[in-house]
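In what follows, a structure is listed as structure tokens, so that the remarks can point back to it.
The values are calculated or read from the model by the stated rules, or taken from the named source; none is laboratory data. This is a predicted model, so every value here is computed, not measured. Glycine gets a Cβ as well: all are built from the backbone with ideal geometry, and neighbour counts include every protein chain shown. Each accessible area value is taken on the protein alone, full model and side chains, heavy atoms only, with ligands, DNA and RNA left out. Shrake-Rupley method; radii C 1.70, N 1.55, O 1.52, S 1.80 Å.
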Amino acid sequence: MTAVPIPRQPSPTTKFPMRGLNNEATPVFALKELVASLYREQNKIQNLLSSLGFALRSFNNLNQFLELTPLMAARVTDADGSALILYKTKGQLSLEQLHCQDHQIAQEIRQAIARIIGQTNTQEDTPDLLSSLDEQIRHLLGTKIRLYSTPILVKNGERGRLYVFSTDPEYIWTQTRRKLLQLIADQTAVAIANNELTVELRSKERQDRELEIASEIQLRLLPRQCPTIKGVELAARCQTANRVGGDYYDFIPTNYDQLRQESPNKADEPAACVPWSIVIGDVMGKGVPAGLIMTMTRGMLRAEVLNRHSPAKILQHLNRVMYADLDNSHRFVTLFYSEYDPQTACLSFSNAAHNPPLLWQAATQTIQKLDTDGMLIGLDPDSQYEDAQIQLASGDIIIYYTDGLTDAVNQQGGRFDEENLVQTFQDGCQQYENPQEILDYLFKKIEHFIGSGHNNNDDMTLVVMRIKSSE
């Protein structure tokens, strides 16, 4: 605890020595002595308040400052002692500090306050008891001890009271003493507010760090790079609105449990020729809760893929497994699941109310949606889903996307919408062949639509898949 200089309290009575002067000179010297005494008193108060200000600036621990508050209050008001009572959460009272040089009086006041606090903290109708706190203390102390108080206001709310008491029957509660006590109460309020801000800041820093960790984990769960699939070129990007998002995409070899990771080169060869699951999803909501559900979805879906069921069956099983958890969290998941067979260039798929991917057919230069009937994951435990297939040809391009792209809003409040996305996708397919160039083109158009310095409010995820030309 930092040492704070505290001036000594002068004697309650000031004597004016006459120094053997005659009666005519005595009033003059008495007046001079009175002025000097007032000057010393003023210096004492200034030094006390300066010490309290120093403590407010220097102490990092609120309790250290609160220990000084009753002592300073008693000194500046020439009282016998002082007590600090603070309101805790849910109207609970607490005697924080008590200062009194007379041990017997201190014990009497402590017992009286403890009795009142004990009664108040057990009552349900707390506000009425708090408003009559002064009257209750005065009633228990009687007329022997004179009691005065002032509220401690933090953010326009009363958070406690600062009391001073005196046993001197001639003690006068002057306007100056009232102002000095209020000044100390105000500095105490500043100390409490600063401490709460510090606690809030530390909590925010801890939450920020936890969000950073969650973001790192989520990024590691998403594919680090697009896989090598025979006859296919891929590009993907997930751009979250916050550090943790609810968008999800994945590339899963349907026999990934059988692949041996003997070496990177050997691992790619068998994996490139087996059917691959290409999936994209979106958890309703944003932030950490959505990120947790996204992580759960990823793990459960990967387990379902090993069963080698059709896309519709996989969604049906996934919905049943996740229903209870999603229902308890009041959230849902949209999911588009597809499987691509490199041997036949056939894409099998099923949709659980996700934005239908767009297929650009190179032969006809037209775009069609890949969609089936199906409800959200987590909406109904008995939901049924449909299977569909499409034969892909050389040069065909598919984009899987989340609604963050179509719901992007510009500075005028307009949405990018699906019509603009279809047109932009078609323009990109006519200008570029490489999936990464098409992906960059789409994001560039959307970012230009949103406007510089204006961030999107939703996660944006895009996967571009192109069927290579046969050699």
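Some notes on this structure:
- Members of the range 330-344 found to be open to solvent by less than 20 Å² (accessible area, probe 1.4 Å) and of a type in the set (A, V, I, L, M, F, W, C), listed by number: VAL333, LEU335, PHE336
- Hey, ASN255 open to solvent by less than 80 Å² (accessible area, probe 1.4 Å) and either of a type in the set (Gly, Ala, Ser) or modelled with pLDDT of 80 or more (or both) or not: no
- Residue match in the range 261-274 (condition: open to solvent by less than 30 Å² (accessible area, probe 1.4 Å) and either modelled with pLDDT under 70 or among the charged types (D, E, K, R) (or both)): yes
- If you go through the range 410-443 and keep only what is open to solvent by 50 Å² or more (accessible area, probe 1.4 Å) and under 24 Å from HIS354 (Cβ atoms), you end up with ARG415, GLU418, GLU419, ASN420, GLN423, GLN436, ASP440.
- Among the residues of the range 374-389, those identified as in a strand (DSSP E or B) and either open to solvent by 10 Å² or more (accessible area, probe 1.4 Å) or among the charged types (D, E, K, R) (or both) are ALA388, GLN389.
- Residues that are more than 24 Å from SER277 (Cβ to Cβ) and either touching a strand residue (DSSP E or B) at 6+ places or on another chain (Cβ under 6 Å) or open to solvent by 20 Å² or more (accessible area, probe 1.4 Å) (or both) within the range 400-409 comprise ASP407, VAL409, listed in sequence order.
- Identity of the residue in the range 308-329, of a type outside the set (Lys, Arg) and under 16 Å from TRP276 (Cβ atoms), that ends up surrounded by the most Cβ atoms within 10 Å (Cβ to Cβ): PRO311
- Conditions (1) in contact with a helix residue (DSSP H, G or I) (Cβ under 7 Å, 6 or more places away or on another chain); (2) farther than 25 Å from HIS354 by Cα; number of the one not met by SER452: (1)
- Any chance GLU304 is of a type outside the set (Gly, Ala, Ser), in contact with a Leu (Cβ under 6 Å, 6 or more places away or on another chain), crowded, with 17+ Cβ neighbours inside 10 Å and not in a loop (DSSP other than H, G, I, E, B): yes
- Just one residue in the set SER166, SER203 is touching a residue at least 12 places away in the same chain (Cβ under 8 Å) and among the small types (Gly, Ala, Ser); that residue is SER166.
- For the range 116-172, the set of residues classified as closer than 22 Å to ASP186 by Cα, touching a Lys or Arg at 6+ places or on another chain (Cβ under 8 Å) and modelled with pLDDT under 85 consists of LEU133, ASP134, listed by residue number.
- ILE397 meets the conditions (1) touching a Cys at 6+ places or on another chain (Cβ under 9 Å); (2) open to solvent by 50 Å² or more (accessible area, probe 1.4 Å) in every case but one. The failed one is (2).
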